[in-house]
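One structure below.
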Amino acid sequence: LAQLFRPLDLLGMVYRTVRQGLIDMDAMFALVDTAAEVTDAPGAPALAVGEGRLTFDDVSFAYDAERPILKGVSFEIAPGGTLAVVGPSGAGKSTLARLLFRFYDVTGGRILIDGQDIAKVTQTSLRGAIGIVPQDTVLFNDTIGYNIGYGREGSGQAEIEAAARGASIAGFIESLPDGYQARVGERGLKLSGGEKQRVAIARTLLKNPPILILDEATSALDSRTEAEIQGTLNAVAARRTTIVIAHRLSTVVDADEIVVLEAGRVVERGTHRALLRKQGLYAEMWTRQASEREMEEA
Ligand code: ATP
């Protein structure tokens, strides 16, 4: 009997890891079903995405009832706009992304896409409208072409190659002896952190979602790779409503709005320049990270 339960334990573990780390949730949905606590309302309609306006309206959330994590968070991202969320570790940044993808339901307030409460539409339609470039991309033991094509079922070779070009990984793939047929994963080619991120970007390009979550890697890429990937991401984020979960501040300078989260509350908001002028938490974090960068470069 114990044998019978083991695969379920494993799935549970994978699921918890994915939820926790926001690791390629998108890819993992095919493997593991969603949480029992999140259900479609009877007769729920599909999300009708229009221009892609995203609203967090007084959102509160707790994983455990005794410990509130988000406390009345509100912001709005105009269609095609970019909002960056910054703040100390544990402030609740990744939790915002988990709620938007509806891994959990909010405990107070609402999240709206084009005026529709995400709790009232089908999960499939919601997740179909949101792309995630995660911190850490899960690769399948299959060809690199398959790993990119995973972004959208039924995509053809020409589309996969176009996505690879958009993610600036086509040159690398073409340089491999087996090209798109090269196997990756445990038994094949090991991709670097930057290459894996480009696979995630290519998948997202294929999916072509109107709403994008960029969960910035905490693990350090070298600064040249980071700058190159940033350029690619900026191109992917253009014309899409984007929320950037930023662990480093160097990547948020150009956001339309920056929200500073501290212990689950929005404590400051504005553009990079406005926030620097304010001399508050953001300015302090910026100064600290700038001196850390200088130390690294020295
Ligand atoms: P970081 O920058 O370090 O990634 P963050 O701002 O993204 O941090 P979150 O991951 O959103 O922070 O976590 C916010 C708080 O919620 C943390 O105190 C964390 O311990 C807690 N938390 C996260 N996931 C769970 C969970 N599944 N169950 C209970 N508490 C959780």
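Where a number appears in this text, it was derived from the coordinates with a stated rule and is not lab data. The shown structure was predicted, so the numbers you read here are calculated from the model rather than taken from an experiment. Cβ sites come from the backbone with ideal geometry, for glycine too, and all protein chains shown count toward neighbours.
For segment 225-259, filtered to residues that are within 16 Å of the ligand (Cβ to nearest atom) and either in a helix (DSSP H, G or I) or of a type in the set (S, T, N, Q) (or both), the residue that is surrounded by the fewest Cβ atoms within 10 Å (Cβ to Cβ) is 250. Here the condition is being within 14 Å of the ligand (Cβ to nearest atom) and farther than 27 Å from residue 235 by Cβ; of 87, 92, 108, 115, it holds for 92 alone. With the requirement that a residue be more than 11 Å from the ligand (Cβ to nearest atom), farther than 17 Å from residue 266 by Cα and not aliphatic (A, V, I, L, M), what does segment 67-81 give you? Within segment 67-81, 79, 80, 81 qualify. For segment 260-284, the tally of residues that are within 23 Å of residue 229 (Cα to Cα) and within 13 Å of the ligand (Cβ to nearest atom) stands at 0.
Can you name the residue in segment 145-161 that is under 19 Å from residue 232 (Cα atoms) and touching a residue at least 24 places away in the same chain (Cβ under 8 Å) and, of all such residues, is surrounded by the fewest Cβ atoms within 10 Å (Cβ to Cβ)? Per the criteria, the residue is 159. Go through segment 100-135 and give me each residue that's within 27 Å of residue 167 (Cβ to Cβ) and basic (Lys, Arg). Listed by number, the residues that qualify are 102, 127. Within segment 175-188, the residues that satisfy the criterion of being touching an Asp or Glu at 6+ places or on another chain (Cβ under 9 Å) and outside any loop (DSSP other than H, G, I, E, B) are 180, 183, 184.
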